[in-house]
Amino acid sequence: MPGGGLTRQDRQQIALGLADSLPCTEIARRLGPHTIAATRLENVARFLDFIGESITRAAEQAREVLHTKLETPSNDAAQPSPDHG
């Protein structure tokens, strides 16, 4: 294929690996070291790991915000002082 794209065989091997729920690293290993298909698959796996970590971090921060109790003013602070009555 011109330009070094994925071959039909590469695509079939990737599809079979995904259908078998294999990790991307295992599929890349089966495609062969230093092949274009393996390199592309490894890049996709790194990208998905990065996105997954970002989503996880954002979810943890949102959970923390949602479960943190708001500080309510104490009764002394809520009552006006007699001077400003």
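The values are calculated or read from the model by the stated rules, or taken from the named source; none is laboratory data. Computed from a prediction, not measured in an experiment: that's the story for all the values here. We place every Cβ from the backbone using ideal geometry, glycine too, and count neighbours over all the protein chains shown. Heavy atoms of the whole protein, side chains included, go into the accessibility calculation; ligands, DNA and RNA do not. Shrake-Rupley method; radii C 1.70, N 1.55, O 1.52, S 1.80 Å.
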Checklist entry - Residues of segment 47-63 being free of Cβ contacts under 8 Å to residues at least 24 places away in the same chain and surrounded by 11 or more Cβ atoms within 10 Å (Cβ to Cβ), which ones? => result Asp49
Next on the checklist: Quick check on my filter: what residues within segment 7-37 are open to solvent by less than 80 Å² (accessible area, probe 1.4 Å) and not hydrophobic (A, V, I, L, M, F, W, C)?
Outcome noted: Thr7, Asp10, Gln13, Gly17, Pro23, Glu26, Gly32, Thr35
Checklist outcome for this item: In segment 18-47, anything among the charged types (D, E, K, R) and within 15 Å of Thr7 (Cβ to Cβ) is listed as Arg30, Arg40
